[in-house]
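Below is one structure, written out as structure tokens, with a few remarks after it.
The values are calculated or read from the model by the stated rules, or taken from the named source; none is laboratory data. The structure displayed is predicted, hence computed values, not measured ones. Ideal geometry is used to build each Cβ from the backbone, glycine not excepted, and the neighbour counts take in all protein chains shown.
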């Protein structure tokens, strides 16, 4: 799974770099205008009606938002590339979490009930076989308790607690990259915005662009592109991070419930009157 994620990230980055190289190719020069013939002698040259009119901002400076997504991406500056890398990493781990945190892979339906019932009936070998046939986080925790079933109640609980801590670490391990992307992407966007604002005011200081607000507005708009991109990446990652974290916590509670019933089934207590777990 980890190798496949690495390959996916590498392929996406290579495609992005290829698009950057292709987008920076030389532009085709426009065809040359035919030479104008000189006016006849005595004729007056007509002055266009728009000679003294101001040129629209779109024609003089162009728009910040390009004709396509690639031009808009380039307008944001070089910090758009780290933000793009964050988006690739975020998407990769969102997909990985969706596959790894399936209930069938962590708490298979009916496994806890079957193992606890077999332990109640004294069929410990059958309970171990059930755990071996359906490998999962729940099965590994219950198998840890069954492996020391002949020891004291405290030793069984300790063995399953240690196994449960390992499973919890495995479930939370790849949630951390989503948390990192959630924090880093907006900071990169803010850094790009600060850099763009510095460059915009530098233009004002050097060229006196306060008399032409279009230049200042274009620079500010370009600076804000990185903040927009950073938040666009961070918000979905933030939502998925908390969704997967809550899902992992729910499955950990199910594992703890099944482990508690298994201890009661192996060593007996007042908890024997309770029904087997639903998982």
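Quick notes
- Checked against (1) over 27 Å from the mean Cα position of the chain (by Cα); (2) modelled with pLDDT of 95 or more, residue 212 passes all but condition (2).
- Residue check for residue 200: surrounded by fewer than 21 Cβ atoms within 10 Å (Cβ to Cβ) and at pLDDT 90 or above: no
- Residue 195 meets the stated requirement of being over 15 Å from the mean Cα position of the chain (by Cα) and more than 30 Å from residue 150 (Cα to Cα).
- In summary, helices (runs of 4 or more DSSP H) completely within the stretch 88-189 and bearing 1 or more residues that are touching a residue at least 12 places away in the same chain (Cβ under 8 Å), surrounded by fewer than 19 Cβ atoms within 10 Å (Cβ to Cβ) and within 16 Å of the chain's Cα centre (by Cα) occur at 153-173.
- Residue that is modelled with the lowest pLDDT [pool: residues in the stretch 265-279 that are surrounded by 16 or more Cβ atoms within 10 Å (Cβ to Cβ) and over 13 Å from residue 113 (Cα atoms)]: 267
- Any hit, the stretch 83-93, residues being at pLDDT 85 or above and closer than 30 Å to residue 256 by Cβ: yes
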